[in-house]
Amino acid sequence: MTGNSKGPRDTEPLPGFSDLILAASGDGIYGLDTQGHTTFANPAAVRMCGYTVEEMVGASQHNLIHHTRPDGTPYPRLECPIYAAFSDGKVHRKKDEVFWRKDGTSFPVEYVSTPIWDNGRLIGAVVSFRDITERKQAEKTLRESEERLRKSQSDLHHVSRLSAMGEMASGLAHELNQPLTAVMNYVQAAKRTLEASDDVSSAQVIDYLDKGLIQVDRASNIIRGLRKFINKDNSDRSFEDINEIIEEASKLAFAGSGFENTKFEFQLSKGFKLIFVDKVQVQQVIFNLVRNGMEALGDTRDGHLVIATEKTLDNCIEVFVRDNGPGLDEEIAGRLFQSFVTTKPNGMGVGLSICQSIVEDHAGRLWETRNQDGGMTFHFTLPIVLKDSENGE
Ligand code: ADP
């Protein structure tokens, strides 16, 4: 019945054997006349579309089950490949369209629409279609698992780069410790020698040497902190002055930054109790936030970065780093604290996620807000833990 020249006439009943074949087919099969009216429909077609045979036969097939595209836009009948078969006489196949059921739901189909000829005259088309829901679901599952695989591969790649960096930093920290200790010893020796002489100009040099010793000591602390951080040893907590931590970390962040257009301002509230923290780690958080702010400002004219502290009602210290830069890139809003999220060409995208784990390790919270007049503010809190001797206050 699907032959090129010996197809059934649109009004003729099907012969018995063809009926059996059509009834047995799992694919939907229906015929069309040259007006696009359904001439017959097999049981599978009727079942899949949710109509009765009476409702289907005689109705405009396109209006009934093919009126809308998969994206929900109308499907003009002049563009219908099924109807094209009985106007251009060619076979038309589609691998991924949808048919619509009587209840208004749709299902994905692949179909072939074949013209029917009768003595050289086009008299209609026969359409064979298949519900491809399961195949599409299997394809989707496969795509998703491939996507997950790709994502884990790329995460793994990042993580291995990071752990390689961690190892390198650990080795570097170890190597740097020795020359730093040597510098410290030499400077101390020079200081002792000068202290023993009666040269009046020595006082000035001794003062310089003292300043040098403070810097060497600071470098050693940073390196110790780095090694502890890499080794995830966070037990090095002591009672510290938050404002001092901020001033020191900010100076490190500003050092050699070359941001001439940026005005830096401290608005540090006075009179805080000491807080029980790992000083180097908290410095790392401030360093990151200040650097991020500076990088966001870039060459902005009248760039302004404010670093402020305030006491909160729930007995925490809140630190703010506020800039008047371009604000957050919409692309990464909501994913800011995830690892490997960055908009910078050379960014690793781990700064904020490290900051968040440090702050949370200290029982605090880190979050961001958009400033009304532009730019971003990053906030974090650290709880004020009293020393035993202060508990009676
Ligand atoms: P990285 O600095 O390597 O990109 P971060 O975790 O520090 O990684 O920051 C992630 C992203 O968050 C940055 O790439 C940037 O897009 C955005 N971001 C961070 N701070 C700011 C800020 N002050 N203003 C605008 N965007 C920021």
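Based on DSSP H runs of at least 4 residues, each adding -39500 (n - 2.57), what is the mean residue ellipticity at 222 nm of the chain after dividing by all its residues, to the nearest 500 deg cm²/dmol?
The helix-only estimate for the chain comes to -14500 deg cm²/dmol at 222 nm.
Which FRET efficiency value, to the nearest 0.05, is calculated for Arg130 and Ala333 with the Förster distance at 56 angstrom and r the Cβ-Cβ distance? Could the numbers behind the result be given before it?
Numbers: r = 43 Å, r/R0 = 0.77.
Efficiency, rounded to the nearest 0.05: 0.85.
Need the list of lysines near Lys270 for cross-linking: C-alpha distance under 16 angstrom, and skip anything on the same chain fewer than eight residues off.
Lys311
Over segment 283-393, calculate the relative contact order: mean separation of alpha carbon pairs under 8 Å at least 6 apart, over the residue count, as a percent. Could you put the intermediate results ahead of the total?
Values: 172 pairs, mean separation 29.6, N = 111.
Taking the mean separation of contacting Cα pairs over the length of segment 283-393, I get 27 percent.
Return the sequence-ordered ³J(HN,Hα) values of segment 118-129 in whole Hz as given by the Karplus equation 6.51 cos²θ - 1.76 cosθ + 1.60 applied to θ = phi - 60°, using x for Gly and Pro.
9, 6, x, 10, 6, 10, x, 8, 10, 10, 10, 9
Using the alpha-carbon atoms, what tilt in degrees (0 to 90, nearest 10) does helix 133-196 show relative to the longest principal axis of the chain?
Helix 133-196 sits at roughly 10 degrees to that axis.
Using R₀ = 45 Å, calculate the FRET efficiency as 1/(1 + (r/R₀)^6) where r is the Cβ-Cβ separation of Glu368 and Lys102; round to 0.05. Walk me through the intermediate numbers first.
On the way: r = 51 Å, r/R0 = 1.14.
Efficiency, from the Cβ-Cβ distance: 0.30.
Taking the Cβ-Cβ separation of Asn315 and Ala203 as r and a Förster radius of 41 Å, what is the calculated FRET efficiency to the nearest 0.05? Intermediate results must be reported in sequence, preceding the final value.
Numbers: r = 46 Å, r/R0 = 1.12.
For R0 = 41 Å, the calculated efficiency reads 0.35.
Could you work out how far apart the two model spin labels at Ala138 and Arg121 are, taking each label as a point 7 Å from the Cα in the direction of the beta carbon, and quote it in nm?
My value for the distance between the label points is 4.5 nm.
Ranked highest first by average number of other Cβ atoms within 10 Å, how do 73-79, 203-209, 239-245 line up? Don't skip to the answer; put the middle values down first.
Values: 73-79: 11.1, 203-209: 12.9, 239-245: 16.9.
Ranked from most to least packed, the peptides come out as 239-245, 203-209, 73-79.
In this model, which of Lys228/Lys279; Lys228/Lys344; Lys102/Lys140; Lys251/Lys279; Lys191/Lys211 are farther than 21 Å apart at the alpha-carbon? List each step's numbers first, then the result.
Details: Lys228/Lys279 12 Å; Lys228/Lys344 28 Å; Lys102/Lys140 26 Å; Lys251/Lys279 15 Å; Lys191/Lys211 11 Å.
Beyond 21 Å: Lys228/Lys344; Lys102/Lys140.
For the chain, find the longest principal axis of its Cα atoms and tell me its angle to the long axis of helix 279-297, 0 to 90°, nearest 10.
So the inclination is approximately 60 degrees.
For Lys263, list the aspartates and glutamates whose Cα falls under 16 Å from its own Cα; do not include residues on the same chain fewer than 8 positions away.
In chain and number order, the partners are Glu247, Glu295, Asp299, Asp302, Asp323.
Leaving out same-chain residues fewer than 8 places away, which aspartates and glutamates sit with a Cα under 15 Å from that of Lys273?
Filter leaves Glu240, Asp241, Glu244, Glu310, Asp314, Glu318, Asp388, Glu390, Glu393.
Expressed as a rounded percentage, what relative contact order does the chain have, with Cα pairs under 8 Å and six or more residues apart?
Details: 592 pairs, mean separation 36.9, N = 393.
9 percent.
For segment 206-347, what is the charge dipole size about the Cα centre, in debye to the nearest 20, if Lys and Arg each add +1 at the Cβ and Asp and Glu each add -1 at the Cβ?
380
With a ≥ b ≥ c taken as the square roots of the eigenvalues of the C-alpha gyration tensor of the chain, please select rounded if a/c is under 1.5 and otherwise prolate if a/b is larger than b/c or oblate if it is not? Display every interim value, and only then the final one.
Values: a/c = 4.03, a/b = 3.60, b/c = 1.12.
Because a/c hits 1.5 or more and a/b exceeds b/c, the chain counts as prolate.
Each residue of segment 96-111 in turn: what ³J(HN,Hα) in whole Hz from Karplus with 6.51, -1.76, 1.60 and θ = phi - 60°, glycine and Pro shown as x?
These are the phi-based 3J(HN,Hα) values: 8, 10, 10, 10, 10, 7, 4, 7, x, 8, 10, 9, x, 9, 10, 8 Hz.
On a 0 to 90° scale, report how tilted helix 242-254 is relative to the longest principal axis of the chain, with both axes built from alpha carbons and the result rounded to the nearest 10.
With rounding to tens, the tilt is 70 degrees.
Rule-based calculations on the coordinates, nothing more; no lab input. Quick caveat, the model's predicted, so the values are computed rather than measured. Note that we place each Cβ from the backbone using ideal geometry, even for glycine, and neighbour counts take in every protein chain shown.
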